[in-house]
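Structure, as C-alpha cells:
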Amino acid sequence: MGMGNGPVIEMRRISKSFPGVRALDSVDFTVHGNEIVGLVGENGAGKSTLMKILIGLYRQDSGELVIRNETIDLLDPKTAVNLGVGMVFQEGSLLPNLTVAENLFLRHERSFRKNGFLSQKKMNEEAGRQLEKTGMKIDPGMFVRDIPAAERQMIEITRLLWLSRISGVDNPVLILDEPTTVLVSDEIERLFGIMRELKTDSSIIFISHRLEEVLEISDRIVIFKDGRNVEELKADGAEIHKVEQSMVGRELAEDHYKESEQKEPMENVCLEVRGLEKEGSFEPVSFKLKKGEILSLVGVLGSGKEEVCRCIAGISRADRGHIEVTGKRVKISTPKDAIKAGIGYIPIDRRDEGLALQMDVCSNITLVTLHSMISCGLINLGRERDEAMHWVRQLNIKTPSLKTQCMSLSGGNQQKIVLSKWLAGNVNVLLLDHPTRGIDVGAKEEIYKRIRVLAAEGLAIIVMSDTLEEDIGLSNRMIVMRDGRITREIYCPSDGKPKPVDIITYMV
C-alpha cells in the first residue's frame, strides 16, 4: 500500500557547513509517494551532503526534517532505515568475502536461527525469494566478490527493500547514487524496468550525471547549484540543454569539446603499434600516433579496444607484435615497463585503480615521481609539496589542503589528481580510459580544456570515451574496431567532424 502522492519526506530550510565550505544553504526538498525524483547538479553542488543528512550520516546545522508527517530531531542511519529511508552508494557497501544471502541479512540473522544455530538453508531460501522480487536469478550462496558490478547493485537494492519491508513502513524511499556508471545499456534498461515497478509501492531519489537517463526515468527533476536548489521541473518535456544550463549557471559553449582549440599533430611519431595481437581478444592491430595527436579508439563493448589499451599500458600481455615509443622498441609486460617507457594510463575505475584513496592529495600527485625527490635516502618534503602545489594550481584542483584524503574529494577533482600524477611523471603517451565517466558537465569542460592544452604541448593521447559525441569532438582521428579488428580509420578535423551515424555502421 503506497502513500498516494502526499509528501513522504520534507526537508525544510536545511543548511550545513564544513570548515571553509557552506555545503547547503537553506535547501527545501520534498519527495512524494510513488514518484521518482531526479537529483542533478555539478560535483560539489550539495546533492550528496543533503542525502547524507537524509540517511542520518550527517546532522544539519539548521532546518527541519519531516518523514511521513513526523518531525525527526535525531536521525542516525539505523533510525533512517527503520523509517524506510536507505541509500545505495556509488562505491557500493557490500562485503566481498560474504555470500549474497549473508550480505542481504547482515545484522538481522536472528530470524534465521534453528535450535540456536543459524540455518544457512533457511537464509538462502529467503534470499532467493527477496532477489526474485527485484527480478534477479542468482545463487544466494555465491560470494559477492565473484559477482559483476551490475548484479551487486541489484543486491543492494534488494537489501534496502527487505529492510524497509521488515520495518513495516509504507512507501519506503530508496536513494540511488550514480547507479548506472557501472552498467552497460541492457543492464540500465533492466534497472529502469525494476525502478518503474518499485514505484508502485516506494519512492526513489535518482542521482546521476547522465542527464538523458534522468529525463527518461524521473517524474520530476530538482537541480542543485552551489548548495541551493535552483530549479525544479517536470521531466516530461524538459530539455537536456536547459537542465545543463541551470546546473552550470551559464550558457554552455557550442564549442563544448573545445574543438576550436584542436591543433594539427606534429610530424614525429610518438607511439607505433605493430601487429599487436591477443588471442581471443583482438587480431593483429597496427597504428601510429603522432606527438600532439588525440586518437580515439571506438567500438562497442567487446570490440577489443579496451584490451588493446590494456596491452599498451602493460596490464595485459599481448601474444604477438611489438610497440615502439619515440622510435625505440620497448618490451611491455607490466605496468612498470609501460611507465618506464613513458606511457601513462588513467583507468576507467579511478577509485580502485587510479588513486590511493586513503592517501592525501600530495602523496597521490607525486606517486610516480617520488624516486626523483629522494636524496641521502630521505624524501625532500619541501620539493614534494612544491611539485604537488604546482599541479593543484595548474589543474584547478579544488581541495581544502594538500593533506586532504583523496576519498573525501568530488569525482571531478579525483580525476584531475589522477591526471596530474601522470603529468608530473613526464609521460610521452597518455591513455585515457573514459576520462569523464561519473563527473559533471562543468568538470568535463575543464578536463576537455586540459586535454587540448596537453596535446598542444606535444603529448600523444589515446582516448576511449563514454559517448561517440565525445570521441568525435575530442579527437584528431578515430580508429573504429569491431569483433577484435580495425574496420575503419576516420579523420576528425575541427572544421569537418563526422556525425555519429556515419561511424555506427563500422561499429556494429
Discussion item. Can you compute the charge dipole magnitude of the chain about its Cα centre, using +1 on each Lys and Arg Cβ and -1 on each Asp and Glu Cβ, nothing else charged? Give it in debye, rounded to the nearest 20.
Written reply: 1480 debye
Worksheet item: Which order results if Tyr345, Tyr58 are arranged by neighbouring Cβ count within 10 Å, fewest first?
Response: Tyr58, Tyr345
Item to complete: Could you point to the label whose value was computed as Cα extents along the principal axes in Å for the structure here, given [x] 69, 58, 49; [y] 90, 47, 47; [z] 116, 67, 39?
Response: [x]
Worksheet item: Which pairs, out of Lys199/Lys234; Lys340/Lys444; Lys290/Lys449; Lys336/Lys416; Lys225/Lys497; Lys398/Lys499, put more than 26 Å between their alpha-carbon atoms?
Response: Lys340/Lys444; Lys225/Lys497; Lys398/Lys499
Worksheet entry | Net length gained if the chain between Arg329 and Met266 were fully extended (0.36 nm per residue, minus Cα distance) | 20.6 nm
Discussion item. I'd like the orientation of helix 120-133 relative to the chain: the angle between its Cα long axis and the longest Cα principal axis, in ° from 0 to 90, rounded to 10.
Written reply: 80 degrees
Response to the item:
Taking only the alpha carbons of the stretch 224-329, the radius of gyration and the largest Cα-Cα distance, Dmax, both in angstrom, are 21.1, 58
Fill in: Hz values of 3J(HN,Hα) by residue in the stretch 60-65 - Karplus curve (6.51, -1.76, 1.60), Gly and Pro given as x
5, 6, 8, x, 10, 10
Fill in: Hz values of 3J(HN,Hα) by residue in the stretch 355-365 - Karplus curve (6.51, -1.76, 1.60), Gly and Pro given as x
10, 9, 4, 6, 8, 7, 4, 4, 5, 5, 5
Worksheet item: What's the angle, to the nearest 10 degrees (0 to 90), between helix 149-166's Cα axis and the longest principal axis of the chain?
Response: 10 degrees
Practice prompt. Enter the angle in degrees (range 0 to 90, nearest 10) between the Cα long axis of helix 441-456 and the first principal axis of the Cα atoms of the chain, meaning the one along which they spread out most.
Written response: 10 degrees
Practice prompt. Determine, from the Cβ-Cβ distance of Leu106 and Val66 and an R0 of 22 Å, the FRET efficiency 1/(1 + (r/R0)^6), rounded to the nearest 0.05.
Written response: 0.15
Worksheet item: What is the dipole size for the stretch 286-430, taken about its Cα centre, with +1 at each Lys and Arg Cβ and -1 at each Asp and Glu Cβ, in debye to the nearest 20?
Response: 320 debye
Discussion item. What distance in nm lies between label points placed 7 Å from Cα along the C-beta direction at Val501 and Glu239?
Written reply: 2.0 nm
Worksheet entry | Estimated vicinal HN-Hα couplings, Hz - the stretch 192-197 in sequence order (Karplus 6.51, -1.76, 1.60; Gly, Pro = x) | 5, x, 5, 4, 5, 5
Worksheet item: When the scattering of the stretch 41-88 is computed by the Debye formula from its Cα atoms alone, each counted once and equally, what is log10 I(q)/I(0) at q = 0.24, 0.27, 0.31, 0.32 Å⁻¹?
Response: -0.90, -1.07, -1.26, -1.30
Item to complete: Between beta-carbons, use under 12 Å as the cut-off and find the net charge around Ala150, counting Lys and Arg +1, Asp and Glu -1.
Response: -3
Worksheet item: What percent do you get for the relative contact order of the stretch 259-507 when only Cα pairs under 8 Å and 6+ apart count?
Response: 27 percent
Item to complete: Please list, or write none, the lysines whose alpha carbon is within less than 16 Å of the alpha carbon of Lys114, excluding same-chain residues fewer than 8 places away.
Response: Lys122
Discussion item. Counting other beta carbons within 10 Å of each residue's own, what order do Met389, Met247, Met464 fall into, fewest first?
Written reply: Met389, Met464, Met247
Worksheet item: What dipole magnitude, in Debye to the nearest 20, does the stretch 259-507 give about its Cα centre under +1 on Lys/Arg Cβ and -1 on Asp/Glu Cβ?
Response: 560 debye
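At 222 nm, what helix-only mean residue ellipticity would the chain give, in deg cm²/dmol to the nearest 500, using -39500 (n - 2.57) for each DSSP H run of four or more?
-9000 deg cm²/dmol
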Item to complete: Return P(r) of the stretch 259-507 (all Cα-Cα pairs; 5 Å bins starting at 0; whole %; ordered from short to long distances).
Response: 1, 6, 14, 17, 19, 17, 12, 7, 4, 1, 0, 0
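Just so you know, all these numbers are worked out from the coordinates, no wet-lab data involved. Note that the coordinates shown come from a computational prediction; the quantities given were computed from them, not determined experimentally. As a convention, Cβ positions derive from the backbone with ideal geometry for all residues, glycine included, and neighbour counts pool all protein chains shown.
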